[in-house]
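Have a look at the structure below, then the notes.
The values are calculated or read from the model by the stated rules, or taken from the named source; none is laboratory data. Note that the coordinates shown come from a computational prediction; the quantities given were computed from them, not determined experimentally. Counting neighbours? That spans all protein chains shown, and the Cβs are built from the backbone with ideal geometry, glycine included.
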Amino acid sequence: MSYQHAQDNWFAAIVIGFIALAVLVNIIRARMGAQLYIRRIPGLDAIDEAIGRSTELGRPVTMIPGMTAFGVVAVQALTIFKYITKQIARFATPMRLLSGDPTVFAVAQEAIYDAYNEAGRPDLYDADNIRFLSDRQFAFASGVAGLIQRERVAASFMFGEFFAESLIFAETGNMVGAIQIAGTVSFTQVPFFVAACDYTIIGEEFYATSAYLSREPVLLGSLVGQDIAKLLFALTTLGGVVAATIAGTDAPIIKLLGQPGGWDAFWSSVLKGGGQ
Amino acid sequence: MHMLTNLMAQQTIWRLPEESRILFATLIVLGAFVLILGLAPVLQTLPPRGRRAIIVTVTFLAGLFFAAEFFLPVDWTAIFPKDDPKRNFLTPAIQPAQNVLQIIGALALGLGTFGLVRLHLRNAVQRRAQWGYSIVLLVSFVVMATLSILNTLAEKEIVERGPVLKRAFSILFDYTLVQLDAAMFSLIAFYIFSAAYRAFRIRSIEASILMFTAMLVMIGVVPLGAFISYTLLGLPEAGAPEGANFLTQLEHSIGLPKIANWVLTQLNAPAQRAIEFGVGIGGLAMAIRLWLSLERGVT
């Protein structure tokens with residue numbers, strides 16, 4: 001099996017290094033007390049409203065990380081669920097966390113236990129509320145849909161990576177009248193969530209969630225670093241369009257920007273004094 | 001150096017020797033168990049700060065392995081002439097590292113299954129609400145697990161696959177589980193219909209644009225679009241000839257299939273790529289925070 005390496009295109013490796021540097025520098029800035037601005041995200045403001053509604057109705061809140069395998073997406077999703085659980089613990093609102101991945105389930109148990117502890121209500125923690133249903137996609141989907149229907153949940157939070165089952169969750173929640181907030185990195189599922197949920201967190205907003213909710217300097221700094229990286233991408237795209245228009249798509253500079261081996265082609269053309 | 005060169009050339013640094021593979025594998029598994037069983041009490045007795053230091057170090061070293069594998073040059077033939085120039089000395093260790101992750105996942109599956117069975121056993125024993133469903137789940141679980149294990153053993157020719165086992169497994173897997181999966185999947189069609197109805201209700205200018213564009217794309221990608229454009233309206237199906245004037249080019253470009261394709265490739269794809277860029281950068285930033293243990297969410 002072949003794997004990608006920095007040597008395939010050093011330009012891409014340099015970009016990765018730049019993004020890492022931008023993130024780390026801004027984390028240090030934030031830790032030193034720099035005031036960093038973060039724009040309003042309505043979907044996240046609605047989390048407290050959804051919890052309040054569940055509390056008033058006395059019906060459970062569901063948290064669904066989907067079939068997300070354990071990784072950065074799962075960690076981000078569980079960070080959000082931990083925040084939601086802390087809010088829930090204040091009002092003793094019932095909750096269910098439904099996972100389709102056993103590793104995520106194991107970590108979720110610890111995270112939710114920590115959340116109840118940090119909220120000062122360890123007595124409310126019930127291991128049975130964090131459930132692994134199945135690692136088969138549609139068995140998991142039917143399990144979630146059944147639970148939403150039977151328990152008439154009042155709020156449903158779906159954060160993580162979703163596939164074809166996303167619409168089953170969202171439409172079932174819609175049918176029982178739950179407030180639904182979804183956030184996903186799976187852009188193919190975004191239209192389904194937009195159509196069926198009250199609020200949808202799209203793409204990079206998903207990674208901004210923990211910074212937005214906690215206002216921790218490390219996370220805010222990281223977010224500013226991400227914005228600088230996006231600016232770099234925008235400028236590279238713009239530069240690439242101009243360069244491709246002027247020099248053509250086979251020019252070494254264009255290969256440098258996007259093709260494996262482009263680095264070698266670019267430098268050999270530079271050393272030869274232009275041309276290809 | 002010569003031995004190292006030979007080992008690298010044979011790719012045996014990260015692979016078990018063929019002739020004693022079972023012995024080595026057994027020793028590694030036993031060693032891992034001893035390490036885990038020995039490490040767990042040590043970690044429990046350590047103060048939180050000490051425990052955290054160990055976790056931070058292990059996380060950093062594990063992340064460093066993958067980063068080093070990516071950034072190190074692949075061609076080391078100048079130093080090790082027999083080495084494969086398409087990989088560096090860490091590359092062969094990627095697969096074993098992924099195997100370790102799979103093993104951890106398999107252990108977690110046991111935990112998940114234990115939690116599921118415990119919950120439903122409690123439901124059944126304490127006669128909680130709808131405990132009948134828990135009985136169904138437990139019976140299905142035991143029967144399916146037993147038949148699956150027997151079927152796997154039969155595939156490995158450890159037990160004989162009799163007609164009863166063959167038939168029972170086929171009934172449960174092919175004629176029940178697969179069909180239930182298909183039934184759930186087919187529900188999506190109805191859900192799409194109801195979700196689309198809500199999304200396309202004309203309530204604002206944006207919703208109107210969305211609906212109009214969706215209609216164009218939907219008609220454009222099915223044969224009806226081609227029939228309307230090229231048969232009913234008589235628009236040219238082929239591309240415009242080179243050097244054609246603007247009106248001719250326009251005439252060759254306004255067939256519904258071409259408009260649908262343009263919307264998908266020129267409007268939809270760039271927007272999706274922009275989202276992907278944001279997601280990629282966000283994921284990278286999150287990975288850096290996790291690697292350096294700066295993320296305090298669930299870690």
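Kindly indicate which of A:T93, A:T68, A:T79 is among the polar types (S, T, N, Q), surrounded by 18 or more Cβ atoms within 10 Å (Cβ to Cβ) and farther than 30 Å from B:L284 by Cβ.
Values: A:T68 fails: farther than 30 Å from B:L284 by Cβ; A:T79 fails: farther than 30 Å from B:L284 by Cβ.
Exactly one residue qualifies, and that residue is A:T93.
Within region A:110-128, the set of residues being within 11 Å of chain B (Cβ to nearest Cβ), more than 23 Å from the chain's Cα centre (by Cα) and not acidic (D, E) comprises A:A127 only. Pairs linking a residue in region B:82-98 that is in contact (Cβ under 8 Å) with a residue 12 or more places away in the chain to a residue that is of a type in the set (D, E, K, R), with Cβ atoms under 6 Å and 6 or more positions apart or on different chains, are B:L90/B:E69. Here A:D198 meets each of (1) touching a residue at least 24 places away in the same chain (Cβ under 8 Å); (2) surrounded by fewer than 16 Cβ atoms within 10 Å (Cβ to Cβ) with one exception, condition (2).
Let's see how each residue does on (1) more than 14 Å from chain B (Cβ to nearest Cβ); (2) of a type in the set (D, E, K, R); (3) more than 15 Å from A:T209 (Cβ to Cβ):
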position: A:P42; (1), (2), (3): yes, no, no
position: A:D45; (1), (2), (3): yes, yes, no
position: A:V61; (1), (2), (3): yes, no, yes
position: A:Q76; (1), (2), (3): no, no, no
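The residue list B:L294, B:L284, B:L256, B:L267 contains one member that is at the interface with another protein chain (Cβ under 7 Å from one of its Cβ atoms), modelled with pLDDT of 90 or more and at negative phi, which is B:L284. As for region A:39-53, it holds no residue that is assigned by TED's automatic domain parsing to the domain that holds A:R150 and either within 27 Å of B:Q102 (Cα to Cα) or hydroxyl-bearing (S, T, Y) (or both). Scan region A:41-51 for residues that are touching a residue at least 12 places away in the same chain (Cβ under 8 Å) and part of a helix (DSSP H, G or I) and jot them down. Answer for region A:41-51, where residues must be touching a residue at least 12 places away in the same chain (Cβ under 8 Å) and part of a helix (DSSP H, G or I): A:P42, A:G43, A:L44, A:A46, A:I47, A:D48, A:E49, A:A50, A:I51. The one condition from (1) loosely packed, with under 11 Cβ neighbours inside 10 Å; (2) in a helix (DSSP H, G or I) that B:A124 does not meet is (1).
A:V61 satisfies every condition listed in (1) under 21 Å from the mean Cα position of the chain (by Cα); (2) modelled with pLDDT under 95; (3) farther than 25 Å from B:L290 by Cα except (2).
The helices (runs of 4 or more DSSP H) falling completely within region B:1-116 that include 3 or more residues that are surrounded by 13 or more Cβ atoms within 10 Å (Cβ to Cβ) and modelled with pLDDT under 75 map to B:2-10.
Quick one: B:E160 ticks every box in (1) exposed (fewer than 12 other Cβ atoms within 10 Å of the Cβ); (2) assigned to a helix (DSSP H, G or I) bar one, so which box is it? The number of the failed condition is (2). Considering only region B:61-79, I want to know if a residue exists there that is in contact with a Pro (Cβ under 9 Å, 6 or more places away or on another chain) and more than 9 Å from chain A (Cβ to nearest Cβ). For region B:61-79, residues in contact with a Pro (Cβ under 9 Å, 6 or more places away or on another chain) and more than 9 Å from chain A (Cβ to nearest Cβ): present.
Applying a threshold of 6 Å to beta carbon distances and a minimum spacing of six or more residues, or different chains, the list of pairs starting in region B:183-198 at a residue that is more than 14 Å from A:P191 (Cβ to Cβ) and ending at one that is among the aliphatic types (A, V, I, L, M) reads B:M184/A:A141. Of all residues in region A:85-109, exactly one satisfies the criterion of being within 11 Å of chain B (Cβ to nearest Cβ) and aromatic (F, W, Y), namely A:F105. In the set (1) surrounded by 19 or more Cβ atoms within 10 Å (Cβ to Cβ); (2) among the basic types (K, R); (3) away from every other protein chain (no Cβ under 11 Å), A:R53 fails one condition alone, (1). Listed by first and then second residue, the pairs with beta-carbon distance under 6 Å, at least 6 apart or on different chains, first residue in region B:130-150 and more than 19 Å from B:G110 (Cβ to Cβ), second surrounded by 14 or more Cβ atoms within 10 Å (Cβ to Cβ) and among the polar types (S, T, N, Q), are B:W131/B:N123; B:S134/B:N123.
Considering B:I171, B:I158, B:I103, the condition of being under 28 Å from A:A69 (Cβ atoms) and β-branched (V, I, T) is satisfied by B:I103 alone.
Filtered by the rule that a residue be among the hydroxyl-bearing types (S, T, Y) and within 14 Å of chain B (Cβ to nearest Cβ), region A:1-40 gives A:S2, A:Y3.
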